[in-house]
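> Before we start, here is the structure in question, set down as structure tokens.
Since every read-out is calculated from the coordinates, none of them should be taken as a lab result. Quick caveat: nothing in here was measured; it's all calculated off a predicted structure. Cβ coordinates were reconstructed from backbone atoms using ideal geometry, including for glycine residues, and neighbour counts include every protein chain displayed.
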Amino acid sequence: MNEVPVRRSVPSEESTRHFDPILLPELHELYTARAARLRELATGHELEAYLRLAADVAQAQAQAQAQAQATVSPESRSNAVAVDPVEIARQGTWVTHLDTMLDQLIPGASPAITPHLDALRAMSTQARLDAGLALAQHQFHSVSQALAPFLWAAFSLDVALAARTVPLPVASSEESPSCPVCGSAPVASLIYKGTRQGLRYLHCSLCESQWHMVRAKCTNCADAGDLDYLSFDSTEAVVRAESCGHCHSYLKVISQEREPNAESVADDLATLVLDDAASAEGYGRTGLNPFALPDQDL
Ligand SMILES: [Zn+2]
Ligand SMILES: [Zn+2]
């Protein structure tokens with residue numbers, strides 16, 4: 001890895017063609033691919049143990065999702081309303097996913113992680129609900145940092161399941177900086193391969209939806225005049241930080257064209273060193289990673 005970040009000029013405007021404004025990736029497939037990518041990136045990584053733990057959590061989400069799906073009745077689908085994370089946190093169905101995930105995670109946990117999983121198991125229902133509500137409201141300071149990723153994973157699964165039972169919002173002409181389905185911040189933006197080759201979608205940190213945004217404009221303020229691309233290794237890096245001189249923020253762009261297995265949560269988590277470089281240049285992170293939640297309120 002080079003010491004000096006490499007810059008690349010703004011890519012040319014993509015051609016206009018038909019696209020889906022919102023995508024809802026199939027959850028079991030998504031979690032499984034995320035776990036596989038995290039394990040692939042973990043080998044030899046300085047955060048190897050944590051990337052492997054994140055992979056186990058994603059795999060536990062896949063397991064909890066499989067069990068939850070069987071309980072969703074046709075009635076609950078037809079009665080579905082818009083996705084409100086705070087309301088879902090209050091309803092507390094997500095606590096069941098947490099127990100299913102703990103069943104998966106506890107037997108194989110390392111001695112460093114076991115005390116955290118035991119603490120989660122021992123939490124009262126009320127304490128769990130309070131923590132879930134705090135996360136939904138981005139009051140990160142009030143939830144233990146060691147426990148937050150597990151709580152978020154279970155809560156996120158419930159919001160993701162809800163997002164897949166409601167009618168999609170009508171596409172707005174304004175491309176949104178936050179998720180049009182649940183209102184949460186993106187993890188990163190993803191440049192697609194295959195049939196959507198070259199299209200950019202932002203990936204939601206909570207409900208796992210993806211929403212389209214044209215390339216070569218700031219995902220936060222929509223300005224196109226002062227974008228820069230920061231990356232390590234080469235100008236063809238899989239992960240680049242797209243920084244905006246107008247609002248002084250950045251969001252990573254992750255390219256499946258350059259790495260077919262790339263996945264938003266995994267590739268963002270494995271490149272936190274790029275966040276250090278972007279913040280050293282004065283840019284603020286707009287992305288939110290479920291496995292690197294902030295320790296301060298948003
Ligand atoms: Zn969302
Ligand atoms: Zn901007």
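> Compute the semi-axes of the equivalent ellipsoid of the range 23-163, taking the square root of 5 times each eigenvalue of the Cα gyration tensor, and list them largest first in whole Å. It would help to have the intermediate numbers written out before the result.
Values: eigenvalues 120, 73, 37 Å².
Over the Cα atoms of the range 23-163, the ellipsoid semi-axes are 24, 19, 14 Å.
> Please compute the net charge surrounding Q67, taking Lys and Arg as +1 and Asp and Glu as -1 over other residues with Cβ under 15 Å from its Cβ.
So the environment of Q67 carries a net charge of -3.
> Which angle between 0 and 90 degrees, to the nearest 10, do you get for helix 94-105 versus the longest principal axis of the chain when only C-alpha atoms count?
Roughly 90 degrees, rounded to the nearest 10.
> Against the 2.2 N^0.38 Å scaling, with N counting residues, where does the range 157-298 land? I'd like the Cα-based Rg ratio to two decimal places.
1.00
> Before anything else, pin down the relative contact order of the chain: Cα pairs under 8 Å, at least 6 apart, normalised by residue count, whole percent.
Result for the chain is 24 percent.
> Among C179, C221, which comes first, then next, by fewest other beta-carbon atoms within 10 Å?
Neighbour counts put them in this order, fewest first: C221, C179.
> For every helix of n ≥ 4 consecutive DSSP H residues, a contribution of -39,500 (n - 2.57) applies; sum these over the chain, divide by its total residues, and give [θ] at 222 nm rounded to the nearest 500 deg cm²/dmol.
Mean residue ellipticity, 222 nm, calculated: -11500 deg cm²/dmol.
> Another question, then. Could I get the Rg over Rh figure for the chain? Both from C-alpha atoms, Rh via Kirkwood, rounded to two places.
Rg/Rh for the chain comes to 0.95.
> Let me ask you something else. What angle, in degrees between 0 and 90 and rounded to the nearest 10, separates the Cα long axis of helix 125-136 from the longest principal axis of the Cα atoms of the chain?
10
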